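The values are calculated or read from the model by the stated rules, or taken from the named source; none is laboratory data. These numbers come from a predicted model, not from an experiment. We place every Cβ from the backbone using ideal geometry, glycine too, and count neighbours over all the protein chains shown. Note: areas computed on protein heavy atoms with side chains; ligands, DNA, RNA excluded. Shrake-Rupley method; radii C 1.70, N 1.55, O 1.52, S 1.80 Å.
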Amino acid sequence: MSRPEPRSEHALIAAPAHLRPLVDRWVSYRHEGLEPGTHLGLPGSSLTLVLSLGRPTRVSTMPRAGDAPAEFDALVGGLHTSPAVIAYEQELSGVQLDLTPRGSRALLGLPAGELAGAVLSLQTLFGSRASQQIERLREAPDWDTRFHLITEMFTRQIGGLGQAPRALEEAWQTILCSGGRVRIADVAARVGYSRRQLDVRFAREYGLAPKQLARIVRFERSHRLLVANPRLTLAWIAASCGYYDQAHMARDWKQFAGCSPSSWLVREELPFVQDQLGVGP
């Protein structure tokens, strides 16, 4: 059987106002006629929820060592520090929501720390309701209808778990808004914790130490700059993201992407998904 002509459609959708503190980004996508392959789900500052509308999402390498490969009609990916490898055939179709840690509590009923490094089936959290919702989404006639169905589903979920302690939320936002450049000792002083208290409580809530989050935020920004303009020099990107030098940035890329920035640029990726949309846990 011949491979169908490549077709691609995707959209970044603004979440409804009442969900915006909980959902960083909302993406719908459909790709057909692909050459089978893999792409990387890179670490970032959001949790990932993927609802597959076609073939299940196949995670061939989990971000947490020791976890077995699996397929998911709907998945939740926690914050992680190693890439996931997503395998695909000729078609990919679905919806991805990038959740804030506050969204993890409000919509999933769990602090982000309990999902750290994990990729779980949404059915594990919501049971048969998740399967029913996936069926409704697949039967929906268009993206607008799916948008409304997902909005209804998550609006019903709001309130699953209250907010994290204010000091931890402030620490998270301070690191995020600084682009990962703030000194962690200064963050601790700002929120009224000792450095050790901040490390322990922050890691328990989010599954990452404050310094790990700062590194991921810098890496995430460097990735976005590289995608936005591959002609930028790596030295300029490194300086713009707060790295000491290009070698410093390359070390973080080796951990978080498994390769250097230049190697990542030339590897066989799925540019219209991975580079622009970041689909995957």
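Looking at the range 225-239, which of the residues that are surrounded by fewer than 17 Cβ atoms within 10 Å (Cβ to Cβ) and β-branched (Val, Ile, Thr) is modelled with the highest pLDDT?
Here the residue is Thr233.
Could you say whether any residue in the range 142-149 is crowded, with 18+ Cβ neighbours inside 10 Å, among the aromatic types (Phe, Trp, Tyr) and closer than 23 Å to Arg64 by Cβ?
no
Hey, any hits in the range 177-193 for a residue that's assigned to a helix (DSSP H, G or I), open to solvent by 30 Å² or more (accessible area, probe 1.4 Å) and touching a residue at least 24 places away in the same chain (Cβ under 8 Å)?
No, every residue in the range 177-193 fails to be assigned to a helix (DSSP H, G or I), open to solvent by 30 Å² or more (accessible area, probe 1.4 Å) and touching a residue at least 24 places away in the same chain (Cβ under 8 Å).
Is it true that some residue in the range 125-135 is in contact with a strand residue (DSSP E or B) (Cβ under 7 Å, 6 or more places away or on another chain) and among the aromatic types (Phe, Trp, Tyr)?
Pass one, the range 125-135, residues in contact with a strand residue (DSSP E or B) (Cβ under 7 Å, 6 or more places away or on another chain): 125, 130, 134.
When the remaining residues are screened for being among the aromatic types (Phe, Trp, Tyr), the result is none.
No.
Test of understanding: among Gly207, Gly242, Gly258, which residue is crowded, with 20+ Cβ neighbours inside 10 Å, on the phi > 0 side of the Ramachandran plot and not aliphatic (A, V, I, L, M)?
Only one candidate qualifies: Gly207.
Can we say Glu71 is surrounded by fewer than 24 Cβ atoms within 10 Å (Cβ to Cβ), at pLDDT below 95 and over 12 Å from the mean Cα position of the chain (by Cα)? Talk me through it step by step, then tell me what you get.
Values: surrounded by fewer than 24 Cβ atoms within 10 Å (Cβ to Cβ): yes; at pLDDT below 95: no; over 12 Å from the mean Cα position of the chain (by Cα): yes.
Against the criterion (surrounded by fewer than 24 Cβ atoms within 10 Å (Cβ to Cβ), at pLDDT below 95 and over 12 Å from the mean Cα position of the chain (by Cα)), Glu71 does not qualify.
State which residue pairs qualify: first residue without any contact (Cβ under 8 Å) to a residue 60 or more places away in the chain and inside the range 138-151, second residue open to solvent by less than 60 Å² (accessible area, probe 1.4 Å) and polar (S, T, N, Q) in any location, beta carbons under 9 Å apart, and separation of 6 or more residues or different chains.
Every condition considered, the pairs that remain are Leu149/Gln133.
Could you check, for the range 6-21, whether at least one of its residues is surrounded by 15 or more Cβ atoms within 10 Å (Cβ to Cβ), within 25 Å of Arg204 (Cα to Cα) and in contact with a strand residue (DSSP E or B) (Cβ under 9 Å, 6 or more places away or on another chain)?
Within the range 6-21 (the criterion being surrounded by 15 or more Cβ atoms within 10 Å (Cβ to Cβ), within 25 Å of Arg204 (Cα to Cα) and in contact with a strand residue (DSSP E or B) (Cβ under 9 Å, 6 or more places away or on another chain)), the answer is yes, since at least one residue qualifies.
Looking at Ile184, Ile158, Ile134 in this structure, which one is aliphatic (A, V, I, L, M), at pLDDT below 95 and more than 30 Å from Pro69 (Cβ to Cβ)?
Ile158
Quick one: in the range 138-170, of everything that is of a type in the set (Gly, Ala, Ser) and not in a helix (DSSP H, G or I), which residue is nearest to Gly207 (Cα to Cα)? Spell out how you get there, then give the answer.
Filtering the range 138-170 down to residues of a type in the set (Gly, Ala, Ser) leaves 140, 159-160, 162, 164, 167.
Now restrict to residues that are not in a helix (DSSP H, G or I): 140, 159-160, 162, 164.
Working: Ala140: 36, Gly159: 21, Gly160: 19, Gly162: 18, Ala164: 13 Å.
Among those residues, the one meeting the criterion is Ala164.
Name the one entry in His31, His80, His39 that is closer than 30 Å to Ala214 by Cβ and part of a strand (DSSP E or B). Show your work before the answer.
Values: His31 fails: closer than 30 Å to Ala214 by Cβ; His80 fails: part of a strand (DSSP E or B).
On inspection, the qualifying residue turns out to be His39.
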